[in-house]
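Trainee: Okay, here's the structure, questions in a sec.
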Amino acid sequence: HIAQPENSHSKVMYQSQFASHEKTHAVHAAAIVELNNGDMMSFWYGGSREGAKDVQIWNATYQPETQTWSEEKPLISRFDTEKSIQRYIKKLGNPVVTKDASGKIWLFYVSVSIGGWSTSQLNVTTSIDDGQTWSAPSRLITSPFLNLSHLVKNSPVLLADGSIGLPVYFELAGKFSEWLHITQDQKVQQKSRISNFRYAIQPSVVPVSSQQAVVFMRNSS
């Protein structure tokens with residue numbers, strides 16, 4: 001975390017700590033959100049390797065007063081997701097997180113039933129008690145047809161009306177970035193394409209005003 005200077009004579013202070021402690025061989029795609037009480041909760045996926053069947057979504061909480069991280073715990077497994085959405089889950093991937101104006105935490109993550117990442121789907125779970133308990137995961141319907149090949153990598157954006165803008169990317173038969181407008185009842189109200197470039201994925205959206213944003217994307221070529 002970085003402490004911002006209060007005046008021109010202040011110095012920026014940087015401190016680094018591990019949120020995970022080798023409970024899994026590999027960890028990837030960390031995300032973080034501030035809780036209502038001022039603590040910070042981080043999420044990532046971890047397992048024996050990327051794409052392994054033992055990968056789970058993990059989390060841990062940072063307390064600013066003690067400057068320590070809690071013990072990390074598995075939050076969501078592929079079996080939890082299978083039970084909730086009633087379909088086979090082969091592996092889990094990237095989590096991203098945000099908190100809306102009411103204090104509800106939204107956690108989006110990737111799952112794959114068949115094939116690789118290019119045939120992935122998106123899931124969402126929410127918490128109204130600062131991450132103590134979570135709703136059963138549900139699948140986002142991003143397309144009325146196959147509903148395949150949508151992934152997340154970077155933070156959602158909270159919109160003024162309480163809905164959520166979710167930057168996503170598509171990898172099946174072409175690679176490009178998209179924007180999902182998600183309502184409070186977890187429905188995709190609108191989907192629009194961000195990039196024209198063939199290899200622009202993993203969009204990160206930065207609001208610069210109430211009406212404008214800048215998007216950064218990865219050139220996957």
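The values are calculated or read from the model by the stated rules, or taken from the named source; none is laboratory data. In this text the structure is predicted, and so the values were computed from the model without any measurement. Virtual Cβ from ideal backbone geometry, glycine too; neighbours counted across all protein chains shown. Remember, those area values only see protein heavy atoms, side chains included, never the ligands or the DNA or RNA. Shrake-Rupley method; radii C 1.70, N 1.55, O 1.52, S 1.80 Å.
Trainee: Restricting the search to region 119-177, which residues are in a strand (DSSP E or B), under 14 Å from Leu92 (Cα atoms) and of a type in the set (Lys, Arg)?
Mentor: Of everything in region 119-177, just one residue is in a strand (DSSP E or B), under 14 Å from Leu92 (Cα atoms) and of a type in the set (Lys, Arg), namely Arg139.
Trainee: Could you go through region 69-88 and let me know if any residue there is among the aliphatic types (A, V, I, L, M) and open to solvent by 20 Å² or more (accessible area, probe 1.4 Å). Quick ask: steps written out before the conclusion?
Mentor: So the first thing to find is which residues in region 69-88 are among the aliphatic types (A, V, I, L, M), and the list is 75-76, 85.
Narrowing further to those that are open to solvent by 20 Å² or more (accessible area, probe 1.4 Å): 75, 85.
Scanning region 69-88, I find at least one residue that is among the aliphatic types (A, V, I, L, M) and open to solvent by 20 Å² or more (accessible area, probe 1.4 Å), so the answer is yes.
Trainee: When you scan region 143-157, how many residues do you find that are surrounded by fewer than 21 Cβ atoms within 10 Å (Cβ to Cβ) and either more than 13 Å from the chain's Cα centre (by Cα) or over 30 Å from Asn36 (Cβ atoms) (or both)?
Mentor: Of the residues in region 143-157, 6 are surrounded by fewer than 21 Cβ atoms within 10 Å (Cβ to Cβ) and either more than 13 Å from the chain's Cα centre (by Cα) or over 30 Å from Asn36 (Cβ atoms) (or both).
Trainee: Next question. Would region 40-57 turn up any residue that is exposed (fewer than 12 other Cβ atoms within 10 Å of the Cβ), part of a strand (DSSP E or B) and either in contact with a Pro (Cβ under 9 Å, 6 or more places away or on another chain) or at pLDDT below 95 (or both)?
Mentor: No: region 40-57 contains no residue that is exposed (fewer than 12 other Cβ atoms within 10 Å of the Cβ), part of a strand (DSSP E or B) and either in contact with a Pro (Cβ under 9 Å, 6 or more places away or on another chain) or at pLDDT below 95 (or both).
Trainee: A follow-up question, please. Take the residues in region 129-142 that are surrounded by 15 or more Cβ atoms within 10 Å (Cβ to Cβ) and not small (Gly, Ala, Ser), then tell me which one is farthest from Val188 (Cα to Cα).
Mentor: Among them, the one singled out is Asp130.
Trainee: Does Gly116 fit the bill of being touching a residue at least 60 places away in the same chain (Cβ under 8 Å), of a type outside the set (Lys, Arg) and either closer than 27 Å to Lys90 by Cα or in contact with a Lys or Arg (Cβ under 8 Å, 6 or more places away or on another chain) (or both)?
Mentor: Judged against the criteria, Gly116 is a match.
Trainee: So Ser77 fits all but one of (1) touching a strand residue (DSSP E or B) at 6+ places or on another chain (Cβ under 8 Å); (2) more than 18 Å from Ser138 (Cβ to Cβ); (3) free of Cβ contacts under 8 Å to residues at least 24 places away in the same chain; what number is the exception?
Mentor: (2)
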